[in-house]
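Structure first, then comments.
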Amino acid sequence: MPPKQKRGQSRQDYATPMELIDAVEHRFGTIGFDLAASKGNSVADEYYDLRADSLAPRTSWELPGVSVAWLNPPFGKLGPWAKKCAEHRDLQRWTLLLAPLGSQDWACEHVWGKAFVLKLRGRVTFVGEKDGFVKDLMIAAYGFGVAGEEFWDWRTQVAGAAE
């Protein structure tokens with residue numbers, strides 16, 4: 001069966017499954033802000049929606065008091081999101097970008113060497129879908145000036161399972 005995702009034709013508003021969010025929070029701490037969300041899919045009480053426009057120069061990503069910010073942006077145009085994450089990589093907090101794993105230009109310029117990349121083991125099934133996403137995913141963890149990479153079986157951290 002061919003993949004459902006087609007360049008320029010796929011949905012861009014998939015909500016992150018709570019199992020993945022639980023694993024992320026187990027590893028990084030409570031998510032205090034969602035940088036690209038809507039009322040229906042935010043993983044934090046505080047979030048930027050389309051109206052706030054997270055990518056606009058007037059919109060601050062400083063977020064005082066937030067130790068973990070989450071970002072599951074539209075996968076169709078990841079470059080601007082990764083660029084803004086990289087611009088904030090020295091903040092003393094985590095900014096976590098969920099994105100397809102790859103070597104596209106945006107990843108080469110704004111992820112590799114600028115974030116700690118968790119290559120997710122196991123397919124992620126987005127909310128409302130019955131099948132796992134067709135591509136491997138990563139979480140690019142920006143913050144504290146760290147870089148590197150590892151494979152992460154996020155499923156082992158769900159429901160208090162041992163790492």
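The values are calculated or read from the model by the stated rules, or taken from the named source; none is laboratory data. Remember, predicted model here, so these are calculated numbers, not experimental data. Neighbour counts run over all protein chains shown; Cβ positions are idealised from the backbone, glycine included.
Return yes when ALA44 is touching a residue at least 40 places away in the same chain (Cβ under 8 Å), out of contact with any His (no Cβ under 7 Å at 6 or more places or on another chain), under 23 Å from VAL127 (Cα atoms) and in a loop (DSSP other than H, G, I, E, B) and no when it is not.
So ALA44 does not fit the description; no.
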With the condition kept exactly as written, say whether any residue in the range 76-87 is assigned to a helix (DSSP H, G or I), surrounded by fewer than 19 Cβ atoms within 10 Å (Cβ to Cβ) and in contact with a Ser or Thr (Cβ under 9 Å, 6 or more places away or on another chain).
yes
Right, THR59: hydroxyl-bearing (Ser, Thr, Tyr), at pLDDT 95 or above, more than 14 Å from ILE139 (Cβ to Cβ) and part of a loop (DSSP other than H, G, I, E, B) or not?
no
Quick one: which strands (runs of 3 or more DSSP E) lie wholly within the range 108-163 and hold at least 1 residues that are at pLDDT below 90 and surrounded by 13 or more Cβ atoms within 10 Å (Cβ to Cβ)?
none
List the pairs whose first member sits in the range 86-113 and is under 24 Å from THR16 (Cα atoms), whose second member is of a type in the set (D, E, K, R) and part of a helix (DSSP H, G or I), and whose Cβ atoms are under 7 Å apart, counting only residues at least 6 apart or on separate chains?
HIS110/LYS83
Note on ASN72: of the conditions (1) closer than 17 Å to ALA15 by Cα; (2) exposed (fewer than 12 other Cβ atoms within 10 Å of the Cβ), unmet is (2)
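Going through LYS130, LYS114 one at a time, which residue ends up being closer than 16 Å to TRP81 by Cα and of a type in the set (D, E, K, R)?
LYS114
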